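One structure is given below, encoded as structure tokens.
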Amino acid sequence: MIERLRIKVTGVVQGVGFRPFVYDLAAKNHLTGYVLNDSQGVEIEIEGGKASIDSFVQTLQSSPPTLSRIKKIEFIPVEPEGTQSFDILQSQKQDTQSVLISPDYATCPDCVNELFDPANRRYRFPFINCTNCGPRYTIIYDLPYDRSRTTMNKFEMCPKCRAEYEDPLNRRFHAEPTCCHRCGPSIWLADENGQKVETDDPIQSCLNYLKDGKIIAIKGLGGFHLACDATSNDAVRELRKQKMREEKPFAVMVQNMEAAKELATVTTQDEATLDSPQKPIVLLPKKNKSIISTLVAPKSRNLGIMLPYTPLHHLLMQGSNKALIMTSANLTDEPIAYQNDDALKRLHTIADYFLFHDRDIFIRTDDSVTHKSAGEYRFLRRSRGYAPFPMELPAFSDKYNILAVGPELKNTICLTQGKNAFVSHYIGDLRNAHAYQAFLQAIGHLENVLEITPDIIACDTHPDYLSTRYAKEQDLPIIAVQHHHAHITSVLAEKGRTDKVIGVSFDGLGWGEQDEIWGGEFLTCDLSGFERAGHLELEPQPGGDAAAKSPPRMAYVYLKRAFGDRAEKLTQELFPDMEDEFRIVSQMIEKRINCPLTSSAGRLFDAVSAILQVCRKNTYEGQAPMELEGGAAEAEDDNTSYPVELIDNTNGAFTIRTSKIIHGLVEDFLGSSPREVCAQRFHNSIAQLILESCQWIRRYNSLSTVVLSGGVFANALLTEKTKTLLESEGFEVLLNSIVPAGDGGVSLGQAVVAAWKLSHKNIE
Ligand code: ZN
Ligand code: ZN
Ligand code: FE
């Protein structure tokens with residue numbers, strides 16, 4: 001008996017080779033019918049015998065195309081129509097859009113093979129791609145996803161490309177950006193004035209310049225990179241100088257896995273991540289002796305490594321280059337440059353040459369950065385290859401769409417529609433005017449391509465964050481979410497949890513109450529709200545932001561607290577050259593001039609890093625804690641920790657005094673324990689401090705799930721120690737794995753709190 005089945009598939013199912021896959025599968029099972037893309041996803045109708053239909057459905061569910069992500073499949077039996085063939089029908093645009101845009105993917109192995117096959121017509125073509133790879137998110141400006149709504153619309157396909165594009169059995173069937181030497185974009189080399197450099201082979205010329213130690217701005221997938229020879233001290237030194245980037249590590253691109261292994265220790269798990277279709281930057285323990293310049297990642301234990309992810313990268317890395325620095329092309333704090341004219345304007349003082357192409361990037365995305373922490377890869381930056389893939393919220397309202405505008409630093413935004421939360425690419429520090437423009441652009445772009453019009457805005461409670469100000473300027477109801485509550489709920493959102501937990505937010509800063517800076521917080525919370533159960537004792541932060549840049553200032557504060565009158569002598573001993581500055585700092589504290597109070601765990605790590613003489617200047621955010629972690633990781637762990645002190649504030653709330661930790665640390669250090677050992681013991685102490693605080697809370701309200709989030713948990717050593725310790729005492733521990741623990745995850749946390757409120761109708 002002949003049957004007919006309508007199948008509706010939603011998820012990331014467009015632009016990932018879904019229709020040719022369905023066509024092929026229908027042919028194999030001798031089924032007739034059709035497949036088409038609509039605004040919901042993919043619609044299929046198949047007609048044939050029951051056994052054939054069952055077999056089709058089984059394969060569709062068990063092994064869909066590699067890059068697709070099926071969220072839902074619906075089956076609706078319909079009347080057989082007696083169709084004779086299986087057809088791929090035109091895309092349909094409908095009113096309600098809920099199709100998911102695919103992120104950009106690295107060049108697939110099939111395309112790499114063709115790229116280096118002299119017999120292939122796309123031999124050495126820098127824009128080769130297919131339905132399994134290539135640009136998506138960065139070139140789309142509207143839906144449904146087809147070529148006319150991408151930046152490839154200005155290139156008309158040649159007959160050969162069109163034939164492939166229209167052949168359902170070809171790998172390039174409806175590969176929207178497909179093209180070739182004849183019909184596609186091209187590359188050219190230009191000097192710092194934008195003058196085209198005459199050469200038959202721009203790639204070879206580019207390689208020659210790199211060999212000569214030149215800095216080249218290379219247009220990639222989501223923006224420009226600044227590239228230079230990572231093995232040359234002179235080239236790297238020049239790049240640091242030009243980019244005004246003192247010590248922050250650079251990422252390098254290497255040709256292949258073997259080359260990666262020469263620079264860093266790479267496990268099998270690392271290999272899978274490095275070589276995944278997303279090709280993120282992976283932080284790996286760097287080898288002591290390698291060919292790369294020590295200036296690439298000075299003072300850092302890790303090296304950020306990535307593999308080539310565009311055809312142009314593959315061509316560039318084919319040469320004699322062992323390792324190229326490939327860093328986001330910008331000045332410090334600015335967003336990555338992505339348009340040819342803008343790149344030339346902003347980068348001509350840094351780059352000697354530009355490798356341009358004329359496939360426009362519609363929306364910029366930086367490289368994603370990930371590292372292994374507590375057994376899993378966790379993001380430090382989630383962007384290219386991952387954004388804007390959505391996640392499902394544990395609480396949502398079908399009635400209201402939400403725009404969560406994120407915090408001010410490391411900004412991302414998040415849009416929700418029903419269950420889906422779309423976290424944007426990385427935007428950056430909004431205090432930079434270019435980044436603020438990028439923020440506005442990202443909101444507009446995502447609202448457009450996702451066709452989501454927000455009804456409600458969620459923002460930080462900090463009144464002066466530029467994102468908060470933006471929120472207030474919109475004519476929409478606002479839900480303000482406390483920064484640390486958002487950090488904790490970002491984990492709850494990821495894990496689909498709505499229960500009450502102990503939230504540990506250890507962070508740089510977040511707006512508290514009465515002008516306090518919070519960042520060492522123990523909350524009891526769920527999606528509905530939070531209570532502050534405990535926190536690190538408040539300390540003055542002399543000079544506000546200035547103290548965040550100068551770790552010795554916080555060292556002074558903590559030494560003073562721990563040692564009282566003895567502190568003068570100690571500070572002289574540890575910081576003999578800072579007498580003058582400390583005199584001013586001391587007056588600032590005494591007279592309470594520009595001395596906000598802070599409970600920031602980030603500042604505590606700064607202080608300890610300075611006391612142990614590991615790092616005395618944060619030339620980039622998080623430097624002192626990162627170098628402290630690096631030092632600690634070098635020492636053998638003896639499980640020793642310095643004493644922790646909790647002070648009862650009545651009603652079950654407590655304050656954590658760190659004086660005994662500082663005391664123990666200083667005596668240990670001056671008593672001639674190596675600084676690495678002291679750093680390791682300090683990490684043990686913080687893990688112990690978190691454990692004792694959580695035990696305190698558990699005694700009062702029997703919560704036994706702990707969420708760890710906030711920027712301090714970018715520290716893998718601390719995260720691992722804390723998780724192990726908590727679990728050994730019977731706690732369940734939840735950590736971020738989809739969004740960063742740092743401020744890049746805050747927009748998701750804001751969104752889920754707002755979604756919970758709306759679903760519980762606290763706001764009408
Ligand atoms: Zn491909
Ligand atoms: Zn062509
Ligand atoms: Fe934060």
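The values are calculated or read from the model by the stated rules, or taken from the named source; none is laboratory data. Predicted, not measured: the structure shown is a model, and the values here were computed from it. When we count neighbours, we look across all protein chains shown, and the Cβ atoms used for this are built from the backbone with ideal geometry, even at glycine.
Below is a table of values for the structure above.
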read-out: Positions within region 516-548 being more than 27 Å from residue 501 (Cα to Cα) and either among the small types (Gly, Ala, Ser) or not in a strand (DSSP E or B) (or both), in sequence order; value: 541, 542, 543, 544, 545, 546, 547, 548
read-out: Conditions (1) in contact (Cβ under 8 Å) with a residue 12 or more places away in the chain; (2) within 16 Å of ligand 1 (Cβ to nearest atom); number of the one not met by residue 46; value: (2)
read-out: Subset of region 597-613 (residues that are part of a helix (DSSP H, G or I) and either free of Cβ contacts under 8 Å to residues at least 24 places away in the same chain or touching a strand residue (DSSP E or B) at 6+ places or on another chain (Cβ under 6 Å) (or both)); value: 601, 602
read-out: Near pairs, Cβ below 8 angstrom, 6+ apart or cross-chain, from region 636-662 (of a type in the set (D, E, K, R)) to any residue that is assigned to a loop (DSSP other than H, G, I, E, B); value: 645/658; 657/537; 660/642; 660/643; 660/644
read-out: Test for residue 703: is it in contact with a strand residue (DSSP E or B) (Cβ under 7 Å, 6 or more places away or on another chain) and in a loop (DSSP other than H, G, I, E, B); value: yes
read-out: Some residue of region 179-196 being of a type in the set (Val, Ile, Thr), within 16 Å of ligand 1 (Cβ to nearest atom) and within 30 Å of residue 388 (Cα to Cα); value: no
read-out: Selection count where residues are within 18 Å of residue 89 (Cα to Cα) and charged (D, E, K, R), scope region 150-164; value: 2
read-out: All positions within region 646-659 that are loosely packed, with under 15 Cβ neighbours inside 10 Å and either among the polar types (S, T, N, Q) or within 18 Å of residue 598 (Cα to Cα) (or both); value: 647, 649, 650, 651
read-out: Any hit, region 718-730, residues being within 16 Å of ligand 3 (Cβ to nearest atom), of a type in the set (Val, Ile, Thr) and assigned to a helix (DSSP H, G or I); value: yes
read-out: Residue among 707, 733 that alone is surrounded by fewer than 22 Cβ atoms within 10 Å (Cβ to Cβ) and touching a Leu at 6+ places or on another chain (Cβ under 8 Å); value: 733
read-out: Residue match in region 137-148 (condition: buried (at least 18 other Cβ atoms within 10 Å of the Cβ), over 30 Å from residue 444 (Cα atoms) and at pLDDT 90 or above); value: no
read-out: Of all residues in region 175-216 being assigned to a helix (DSSP H, G or I) and touching a residue at least 60 places away in the same chain (Cβ under 8 Å), the one that is farthest from residue 355 (Cα to Cα); value: 211
read-out: Answer from 387, 438 - the residue that is of a type in the set (Gly, Ala, Ser) and more than 12 Å from the chain's Cα centre (by Cα); value: 438
read-out: Region 102-126, residues that are in a loop (DSSP other than H, G, I, E, B) and within 25 Å of the chain's Cα centre (by Cα); value: 102, 103, 104, 106, 107, 108
read-out: Filtered residues of region 390-402 (kept if in a loop (DSSP other than H, G, I, E, B) and acidic (Asp, Glu)); value: 398
read-out: Single residue of region 514-568 satisfying the filter (touching a Cys at 6+ places or on another chain (Cβ under 9 Å) and surrounded by fewer than 20 Cβ atoms within 10 Å (Cβ to Cβ)) that is nearest to residue 711 (Cα to Cα); value: 544
read-out: Selection count, region 116-134, where residues are modelled with pLDDT of 95 or more and away from ligand 2 (no atom under 15 Å from the Cβ); value: 4
read-out: Residues of region 614-652 satisfying the condition of being outside any loop (DSSP other than H, G, I, E, B), within 34 Å of the chain's Cα centre (by Cα) and either hydrophobic (A, V, I, L, M, F, W, C) or at pLDDT below 95 (or both); value: 624, 626, 628, 632, 633, 634
read-out: Options 191, 167: the member that is more than 16 Å from ligand 3 (Cβ to nearest atom), at pLDDT below 95 and farther than 30 Å from residue 624 by Cα; value: 167
read-out: Of residues in region 127-169 being touching a Lys or Arg at 6+ places or on another chain (Cβ under 8 Å) and part of a strand (DSSP E or B), the one nearest to ligand 1 (Cβ to nearest atom); value: 130
read-out: Which listed residue is under 30 Å from the mean Cα position of the chain (by Cα) and among the polar types (S, T, N, Q), from 599, 586; value: 599
read-out: Any hit, region 500-509, residues being touching a helix residue (DSSP H, G or I) at 6+ places or on another chain (Cβ under 7 Å) and farther than 19 Å from residue 690 by Cα; value: no
read-out: Any hit, region 9-25, residues being among the basic types (Lys, Arg) and over 26 Å from residue 451 (Cα atoms); value: no
read-out: Pick from region 101-115, criterion in contact with a helix residue (DSSP H, G or I) (Cβ under 8 Å, 6 or more places away or on another chain) and not aliphatic (A, V, I, L, M), ranking: nearest to ligand 1 (Cβ to nearest atom); value: 111
read-out: Any helices (runs of 4 or more DSSP H) falling wholly within region 403-514 and containing at least 3 residues that are more than 16 Å from ligand 1 (Cβ to nearest atom), under 28 Å from residue 140 (Cα atoms) and of a type outside the set (S, T, N, Q); value: 433-449, 466-473
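One line per residue, one yes/no per condition, for (1) within 16 Å of ligand 3 (Cβ to nearest atom); (2) of a type in the set (Val, Ile, Thr); (3) surrounded by 22 or more Cβ atoms within 10 Å (Cβ to Cβ); (4) at pLDDT below 95:
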| residue | (1), (2), (3), (4) |
| --- | --- |
| 174 | no, no, yes, yes |
| 179 | no, no, yes, no |
| 205 | no, no, no, no |
| 214 | no, no, no, no |
| 225 | no, no, yes, no |
| 235 | no, no, yes, no |
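Let's see how each residue does on (1) of a type outside the set (D, E, K, R); (2) touching a residue at least 60 places away in the same chain (Cβ under 8 Å); (3) more than 16 Å from ligand 3 (Cβ to nearest atom):
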{"residue": "516", "(1), (2), (3)": "no, yes, no"}
{"residue": "551", "(1), (2), (3)": "yes, yes, yes"}
{"residue": "555", "(1), (2), (3)": "yes, no, yes"}
{"residue": "577", "(1), (2), (3)": "no, no, yes"}
